[in-house]
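Down below is the structure, laid out as structure tokens.
The values are calculated or read from the model by the stated rules, or taken from the named source; none is laboratory data. This is a predicted model, so every value here is computed, not measured. Note that we place each Cβ from the backbone using ideal geometry, even for glycine, and neighbour counts take in every protein chain shown. Just so you know, the surface numbers come from the protein's heavy atoms only, side chains and all, with ligands and any DNA or RNA stripped out. Shrake-Rupley method; radii C 1.70, N 1.55, O 1.52, S 1.80 Å.
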Amino acid sequence: MKNSLTVTDNRTGKSYELAIQNGAIRAGDLRQIKVAEDDFGLMSYDPAFMNTASCTSRITFIDGDKGILRYRGYPIEELAEKSTYLETAYLLLYGELPTKAELEDWVYNVTIHTIIHENIKKFIDGFHYDAHPMGMLVSTVAALSTYYRDAKSIFDGESRRRQTYRLIGKMPTLAAFVYRHTRGMPYAYPDNDLSYTGNFLNMLFKMTEVKYQPDPILERALDVLFILHADHEQNCSTNAMRSVGSSHVDPYSAVAAAAAALYGPLHGGANEEVLRMLTEIGTKDRVPEFIKRVKGGEGLLMGFGHRVYKNYDPRAKIIKRVADQVFEVTGRNPLLDIALELERIALEDDYFIKRKLYPNVDFYSGIIYQAMGFPVDVFPVLFAIPRTSGWMAQWEEMLLDSEQKIARPRQVYLGSPQRSYVGIDQRKAR
Ligand code: ACO
């Protein structure tokens, strides 16, 4: 079997043989297909990158038809059961599970970078009390770039490592401070005796007690949720991270861009929308009417559907189990019954079956977050914290990939041909 594709250009009758490598042809090879010597050459047109690989990657594998997700080859189910978020972050970044000494060193370095400069509090203080937490997070992450001038040395491995510690260490602190600002509560400083998620809960919920003790079940549940959200190959925000990072900007600015992409309701903002949707539906008996409206084109069933998964999102399965553990501590969130009914009806309905629409990671995560005491508009922030390790891993892979250059897609121009400028007095009303 020959690993190539032969195409015939019917405009010229010429045939071309294009190499196939790893199940792909190189779009650049199409450029040799021309009708004349001065022709630009053939391009591929692929809005929204539906069938275009923009990179090679060794980080995350997804088989959307089979519902498989693996980080560096390890199934997500095993990591969710046996690993911790920081260990998984190490795996994503460095390609292998750490030894005991490597893990200790990694956890130590992330932990000592949890403190933020006091001035950052002034930025947060400057936001209106009802500013969206994600808007504040995006802005303050971008502001971090002004504190770490060494971050511009993106081809210095030591500098990249330092910025990685800082970003992974500081994201929970920024997120917690942003949350407390919306509540009018004094900021609670990091407690480096606690685990990554234990400390996050401390910075969020500490009141007047001298030492905050996180509930171990909630601490572990949040850690599992963080593992599930750590990376997801070339999704919208990761593509933003790579694309913005390809201009060789510092990683804080690139993470701000990625977080901005995550903010959108079709991406990380979906968990927030799911909660609003469930609250609006209100009771189980109103589910059939809501499904009817979705099928009639009146909005989407938020938390359903995925560009890659055409099967049950494996993360949603794990989250359903985590929900049971969390509800044992917090009490059952009544919205769960509406969600279960939505899932039951949707999975039996031809509209959803035909389009292969299944619950995605956001369908159940919001219900857990709400039960844990998080306000709805903090949900996307809870997504951005763990995804930072994935963004950083993908960013570094992009920087070290000799095939990558500044990301700059082509376009198919359909606008006006050349025309001459018309003076304002001569222009006709449209
Ligand atoms: N509810 C109802 N119908 C849907 C939904 C949904 N949630 N998702 C897709 N469809 C329909 C579309 O209307 C379309 O129907 P048509 O063929 O009759 O036009 C068909 O299913 C295919 O959908 P596309 O929009 O083409 O699929 P795409 O891959 O572009 O979109 C996306 C994927 C954005 C996730 C989409 O399913 C969606 O908007 N879902 C709701 C938002 C959501 O939950 N986002 C979170 C995704 S997970 C994450 O980012 C972490």
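In the stretch 133-194, the convex hull through the Cα atoms has an average projected area of 5.0 nm², a quarter of its surface area. Rounded to two decimals, what is Rg over Rh for the stretch 75-163 when you use alpha-carbon atoms and the Kirkwood radius? Rounded to two decimals, Rg over Rh is 1.06. For Arg332 and Ala19, a Förster radius of 45 Å and the Cβ-Cβ distance give a FRET efficiency of 0.20, rounded to the nearest 0.05. Placing a label point 7 Å from the Cα of Leu266 along the Cα-to-Cβ direction, the residues of the stretch 374-391 with a backbone N closer than 19 Å are 380.
Taking a ≥ b ≥ c as the square roots of the eigenvalues of the alpha carbon gyration tensor, the stretch 264-306 is oblate, as a/c is not under 1.5 and a/b does not beat b/c. Multiplying the residue separation of Leu300 and Met207 by 0.36 nm and removing their Cα-Cα distance gives an extension gain of 29.6 nm.
The Ser402 and Asp39 beta-carbon pair, evaluated with R₀ = 35 Å, returns a calculated FRET efficiency of approximately 0.75. Counting only residues at least eight positions apart within a chain, or on another chain, the lysines with an alpha carbon under 28 Å from that of Lys170 are Lys82, Lys100, Lys121, Lys122, Lys152, Lys206, Lys211. In order along the stretch 190-197, phi translates into HN-Hα couplings of x, 10, 6, 7, 8, 6, 4, 7 Hz, rounded to whole numbers, per the Karplus curve 6.51 cos²θ - 1.76 cosθ + 1.60 with θ = phi - 60° and x for Gly and Pro. Given +1 at the Cβ of Lys and Arg, -1 at the Cβ of Asp and Glu and no other charges, the dipole of the stretch 1-128 around its Cα centre is 280 debye to the nearest 20. Computed over neighbours whose Cβ is under 9 Å from that of Gln163, the net charge equals +2, Lys and Arg +1, Asp and Glu -1. Taking a straight line from the alpha carbon of Lys14, these lysines sit under 17 Å away, with near neighbours fewer than eight places off in the same chain left out: Lys34.
Modelled spin-label separation between Ile115 and Gln32, with each label point placed 7 Å from Cα along the Cα-to-Cβ direction: 6.1 nm. Here the stretch 300-399 exposes an accessible surface that is 49 percent carbon and sulfur, computed with a 1.4 Å probe and the other protein chains kept in place.
Across the options Met207, Asn235, Leu225, the greatest Cα extent toward the positive end of the charge dipole of the stretch 197-241 (unit charges at beta carbon of Lys, Arg, Asp, Glu) belongs to Met207. Label 7 Å along Cα→Cβ of Ile345; the stretch 292-313 residues with amide nitrogen under 16 Å? Answer for the stretch 292-313: 292-304. Note that the stretch 391-408 has calculated 3J(HN,Hα) couplings of 4, 5, 5, 5, 5, 5, 4, 5, 5, 8, 8, 5, 7, 7, 9, 4, 6, 7 Hz, one per residue in order, obtained from phi through the Karplus relation 6.51 cos²θ - 1.76 cosθ + 1.60 (θ = phi - 60°); glycine and proline are x. Sort all Cα-Cα distances of the chain into consecutive 10 angstrom bins from zero, then give the percent of pairs in each bin up to the one containing the longest distance. Computed distribution, short to long bins: 4, 19, 28, 23, 15, 8, 3, 0, 0.
Relative to the longest principal axis of the chain, what angle (0 to 90°, nearest 10) does the C-alpha long axis of helix 251-263 take? Result, in degrees: 90.
Report the local net charge at Tyr71: Lys and Arg +1, Asp and Glu -1, summed over other residues whose C-beta lies under 12 Å from its C-beta.
Details: positive: Arg58, Arg70, Arg72, Arg315; negative: Glu77, Glu78, Glu87, Glu96, Asp231, Glu233.
Surrounding charge for Tyr71 is -2.
Peptides 208-219, 311-322, 5-16, 413-424, ordered by how many other C-beta atoms sit within 10 Å of their residues on average, highest first, read 311-322, 208-219, 5-16, 413-424.
Between amide H atoms placed 1.01 Å from N, distances below 5 Å from Phe304 occur with Asn360, all of them 5 or more places distant or on a separate chain. Amide H to amide H, with H built 1.01 Å from N, Lys14 comes under 5 Å of Asp9, counting only residues 5 or more places away or on other chains.
The local environment of Ser57, defined by Cβ-Cβ distances under 13 Å, has a net charge of -2 under the rule Lys, Arg +1 and Asp, Glu -1.
Ranked by the mean number of other Cβ atoms within 10 Å of their residues, highest first, the peptides 185-191, 44-50 come out as 185-191, 44-50.
Note the direction-averaged projected area, equal to a quarter of the hull surface, for the Cα convex hull of the stretch 304-377, in nm².
Its Cα hull, projected and averaged over all orientations, spans 5.1 nm².
Here the chain is assigned +1 on the Cβ of each Lys and Arg and -1 on the Cβ of each Asp and Glu. Its dipole about the Cα centre then comes out at about 1240 debye. Specify the angular offset, from 0 to 90 degrees and rounded to the nearest 10, of the alpha carbon long axis of helix 216-228 from the longest principal axis of the alpha carbons in the chain. Roughly 10 degrees, rounded to the nearest 10.
Straight-line cross-link partners of Lys356 among the lysines, defined as a Cα under 23 Å from its Cα and at least 8 positions apart when in the same chain: Lys66, Lys292, Lys295, Lys310, Lys317, Lys320.
Let me make sure I get this right: for the stretch 1-57, a, b and c are the square roots of the gyration tensor eigenvalues over alpha carbons, sorted descending. Under 1.5 in a/c it's rounded, otherwise prolate if a/b > b/c, else oblate. Which is it? Because a/c hits 1.5 or more and a/b fails to exceed b/c, the stretch 1-57 counts as oblate. Relative to the dominant Cα principal axis of the chain, helix 335-348 is inclined by about 30°.
The HN-Hα couplings worked out from phi for the stretch 201-209 by the Karplus form 6.51 cos²θ - 1.76 cosθ + 1.60 (θ = phi - 60°) are 4, 4, 5, 7, 10, 4, 10, 9, 5 Hz, whole numbers, x standing for Gly and Pro. Note on Asn10 and Met50: with the Förster distance fixed at 30 Å, the Cβ-Cβ geometry gives a FRET efficiency of about 0.80.
Where does the Debye-calculated log10 I(q)/I(0) of the stretch 377-430 sit at q = 0.25, 0.31 Å⁻¹, using only Cα point scatterers of equal weight, no solvent? For the requested q values the scattering log ratios are -1.02, -1.16. Amide H to amide H, with H built 1.01 Å from N, Ile68 comes under 5 Å of Asp63, counting only residues 5 or more places away or on other chains. Only one residue of Val308, Leu399, Ile424 has its Cα farthest out toward the positive end of the dipole of the chain, where Lys and Arg carry +1 and Asp and Glu -1 on Cβ, and that residue is Ile424.
About the centre of its Cα atoms, the stretch 163-306 shows a dipole size close to 260 debye [charges on the beta carbon of Lys, Arg (+1) and Asp, Glu (-1) only; nearest 20 debye].
Using a simple spin-label model with pseudo-atoms 7 Å out from Cα toward Cβ, Asp105 and Gln411 lie 4.8 nm apart.
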